[in-house]
Amino acid sequence: MTQEHMQEASPQREAFVLLKEKEYTLSTAESLTCGMIAEKLGSVPGISAVYAGGFVTYCDREKNSMLGVRKETLSAHGAISMETAEEMCRCCSGKAGTDCAVSATGNAGPDAQEGKAVGLVYIGVCIHGKTSVREYHFEGNREEIREQASDAALRDLCERLMNTANNKKNKEKTGAGSAEERPQIDLHSPKLYNPIAPDQKPDIWDRLVHFRIFRWFEPFYRKYKEVLMYLFFGGLAFFLNLFLYWLFVVVLNINALIGNIFCWILCVAFQYYTNKTWVFDGRTSGKGDFVRQFISFWGGRLFTLAVEELMIFVFITSLHYNEMLIKLIAQVVVIVLNYIISKLVVFRRKAE
């Protein structure tokens, strides 16, 4: 076989042809391969038409700061994990603004890392926000494992691209949903990971930022995701509180302090659900941990309620300032205090 023929049969050459045919762009996020995927792509003439560039994030700090992989993911699952590979390629696609992204993370040896065996590698592929991760177990020395991982990443990309093309044609013929929407897993292939498992609640924010118009916002969103989600749901609770306060105090003419307590009970119930489900990591390790979390949440809210009631008593009942203005200021103070308490006390997690 000639060198030219070998190049034509290489996975990087095949990826180039498929990307160019579909007019897709590609970016890469590499850990253990340390730029080998980018190097292979760079060997293909004309690759600049489809390849935007790549990130080499060898340590956890750079995975977080350069790509936006969450510290919680790295802490809970480690750098060598399906979850990290999934976030690497998804964040890479968003940061680079490309249609596709490939990620590679694993242990090339010579010793075990994070309790993970030598040769364990996770390859992620993201195409238009839809991500899959495969688990591989390679053998050989350090360079051989890295070489196999680089080739596997490009082969997985080609497979996804070909399936996407074939599914599009099948959908046009039959009107049926594509395999991207109904994934078929080959039980004889390396383990395939779906980042949104059936028992998990999908992250509506993660879905939102995959729309092209929001891609510019993704780096900022990834960095301050928790705060942004807290402010969003806190804003909903804020307006709910103001509406209920207006209803009870202004419309129904209930005493301001009593009306405020009614508002508080309803809004805290709303906040507990949204904070536990969407904002913080609200998982509990058992009944005792759940009781601690529940009591500390409502206890923290009682404390901030006392602060708010004190402000209302001083500035509205005693000094007769404008009711809605003082309520507005009190709510801002409460939102800040509630975030601090929730972050540092209620939903704190022990280092794993």
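What follows draws every value from the coordinates through simple rules; no lab data is involved. Keep in mind that this is a model prediction, so the values were computed, not measured. Cβ sites come from the backbone with ideal geometry, for glycine too, and all protein chains shown count toward neighbours.
Annotations for the structure displayed:
- For the residue pairs 20/95; 225/343; 71/116; 130/225; 95/276, the alpha carbons lie more than 24 Å apart in 95/276.
- Rounded, prolate or oblate (a/c below 1.5 giving rounded, otherwise prolate when a/b exceeds b/c) for region 53-155 by Cα gyration tensor: oblate
- Cα-based shape type of region 1-106, given that a ≥ b ≥ c are square roots of the gyration tensor eigenvalues and the cut on a/c is 1.5: prolate
- Computed lengthening from residue 320 to residue 344, 0.36 nm per intervening residue step minus Cα-Cα distance: 5.1 nm
- Estimated vicinal HN-Hα couplings, Hz - region 128-143 in sequence order (Karplus 6.51, -1.76, 1.60; Gly, Pro = x): 6, x, 9, 10, 9, 10, 10, 9, 10, 10, 9, 10, x, 7, 4, 5
- The order of 99, 156, going from fewest to most other C-beta atoms within 10 Å of their C-beta, is 99, 156.
- Anisotropy class of region 273-352 from Cα gyration tensor, a/c 1.5 cut: prolate
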